[in-house]
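A.B. asks: The following block contains the structure, expressed as structure tokens.
The values are calculated or read from the model by the stated rules, or taken from the named source; none is laboratory data. Values in this document were obtained by computation on a predicted structure and should not be read as measured data. Using ideal geometry, Cβ is built from the backbone for each residue, glycine included, and neighbour counts are taken over all protein chains shown. In case anyone asks, the SASA skips ligands and DNA or RNA and just uses the protein heavy atoms, side chains included. Shrake-Rupley method; radii C 1.70, N 1.55, O 1.52, S 1.80 Å.
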Amino acid sequence: MSADSLSRRTAFWLLFVLIFAWGLNWVSNKATLDYVTPVWATFFRTGPALLIMTLLCLFSGRLVRPVKADLPIIFSVGWLHMVGFSVLVSIGLQYLPAGLSIVLAYTTPLWVLPASRIFLKEPFGSRQILGLVIGMAGLAVILRPDQIDWSDRDVLLGHGLILLAAFSWAICIVYGRSHRFVTPTFELLPWQMLLAGVTQLVLAFVLEGVPRVEWNLKVLSLLGFSSVFGTVLAYWIMNTVNRGLPASITSMALLAVPIMGLICSALILNESISLSLWLATALIIGGIALATSARKR
């Protein structure tokens, strides 16, 4: 679908599909851990996605050899996002509910704000400061002593790993803003996935040994959903929608992903979403929206 043929209505519908797919993906990833160890789970999602993405680029004539100038973005996305974020989240999901995990992970833009100011010299005015304060207030609501058991090492480990994943994603985003792309982002995806897949495979063997999975239809369905809908379709939609809608609209709409994740985790996994978690989510999303809308203007 070309940029010219993409109507605004179609772009919004695709954006809704993306929000639903990414929100439901957290539920799928959490359920997968009942059958597959976390690092192997990330590899079993990346492997099929790599194959599908490579074939898509091959048959559409978009499989190209990356140039030297784009190697840094291949390594940053491959290692910081596809490996760092994905592996840390997968391990952290062992210890935390899916709903709480997605809210913690989506604090990423809060870490991007000061990092962009420090490393990219981007504007950081009163609205960005207020947005950051509001977002951090939401994180403080989650980390209140009466909300989590600070004596439980597994709970602390889960929170720490998810927040570390958010830091990793933030570093990737900040570098991506400064990178001067030569090759279109969609055509770099097979190479980023190849790097991520090889790295995940090595980590899986080192950390978890030979995989022991009782393969059944449910396991295949969960991994298949994450590979096809949570990864390949999601990246295609992002690439398509970004050519049909302003980036400001897309970025604001994607703030609905953690809300969708909370709803899906409550309906499918029967997780209890407390009022304080809804409050924290509202503060984090509101703070991000305030800060990013100010930066866009």
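A.B. asks: Once label points are set 7 Å from the Cα along Cα→Cβ at both W150 and F59, what is their separation, rounded to one decimal in nm?
C.D. replies: The modelled label-to-label distance comes out at 5.6 nm.
A.B. asks: Determine the relative contact order of the chain: mean sequence separation of Cα pairs under 8 Å and six or more apart, normalised by residue count, in whole percent.
C.D. replies: 43 percent
A.B. asks: When the chain is modelled as a GNM with alpha-carbon springs shorter than 10 Å, which of I173, I102, I129 fluctuates the most?
C.D. replies: Of I173, I102, I129, the Gaussian network model singles out I129 as fluctuating most.
A.B. asks: Give me the percent of the accessible area of segment 15-173 that comes from carbon and sulfur atoms, probe 1.4 Å, all protein chains in place. List each step's numbers first, then the result.
C.D. replies: Numbers: 5050 of 7050 Å².
Ligands and nucleic acids excluded, carbon and sulfur reach 72 percent.
A.B. asks: May I ask you to give the solvent-accessible area per residue for segment 83-131, in square angstrom, as obtained with a 1.4 angstrom probe?
C.D. replies: Working: 1840 Å² over 49 residues.
Result: 38 Å² of accessible area for each residue.
A.B. asks: Pop a pseudo-label 7 angstrom from the Cα along the beta-carbon direction at both S221 and F205 and give the gap in nm to one decimal.
C.D. replies: 3.3 nm
A.B. asks: Can you spot the aspartates and glutamates whose alpha carbon is less than 19 Å from K30's alpha carbon? Ignore those fewer than 8 places along the same chain.
C.D. replies: Partners found: D154, E208, E214, E271.
A.B. asks: Can you give the extra length, in nm with one decimal, that the chain gains between D34 and R177 once fully stretched, where that is 0.36 nm per residue apart less the Cα-Cα distance?
C.D. replies: Numbers: separation 143, 0.36 × 143 = 51.48 nm, distance 3.71 nm.
Value of the extension gain: 47.8 nm.
A.B. asks: What is segment 1-131 by shape, rounded, prolate or oblate, if you read a ≥ b ≥ c off the alpha carbon gyration tensor as root eigenvalues and call it rounded for a/c under 1.5, prolate for a/b larger than b/c, and oblate otherwise? Provide the component values of the computation, followed by the final result.
C.D. replies: Working: a/c = 1.33, a/b = 1.03, b/c = 1.29.
It comes out rounded by the Cα gyration axes.
A.B. asks: What length, rounded to one decimal in nm, is gained on full extension from E214 through to R9, with 0.36 nm per residue of separation minus their alpha-carbon distance?
C.D. replies: Here the segment from E214 to R9 would lengthen by 69.5 nm.
A.B. asks: If you don't mind, there's one more thing I want to ask. Stretch A266-S126 to full length: gain in nm at 0.36 nm per residue minus the Cα-Cα span?
C.D. replies: Result: 46.8 nm gained on full extension.
A.B. asks: Please list, in order, the residues from segment 50-65 whose amide nitrogen is less than 16 Å from a point placed 7 Å along the Cα→Cβ vector of V228.
C.D. replies: 50-56
A.B. asks: Give me the one-decimal Kirkwood hydrodynamic radius in Å for segment 190-255, with the sum taken over alpha-carbon pairs.
C.D. replies: Every distinct Cα pair counted, the radius reaches 14.7 Å.
A.B. asks: Name the residue, out of L223, L63, L50, whose mean-square fluctuation peaks in a Gaussian network model built on the chain with Cα pairs under 10 Å.
C.D. replies: L63
A.B. asks: Within segment 69-146, report the trypsin sites (Lys or Arg not before Pro) that DSSP leaves as loop and that have at most 10 other Cβ atoms within 10 Å.
C.D. replies: K121
A.B. asks: Could you tell me what a quarter of the Cα convex hull surface of segment 193-297 works out to, in nm² with one decimal place? Kindly include the intermediate steps, with their values, before the conclusion.
C.D. replies: Working: hull surface 39.8 nm².
Computing the convex hull of the Cα atoms and averaging its projections yields 10.0 nm².
A.B. asks: For the chain, set up a GNM with springs between Cα atoms under 10 Å and report which of F119, F85, F43 has the largest fluctuation.
C.D. replies: Of F119, F85, F43, the most mobile in the Gaussian network model is F119.
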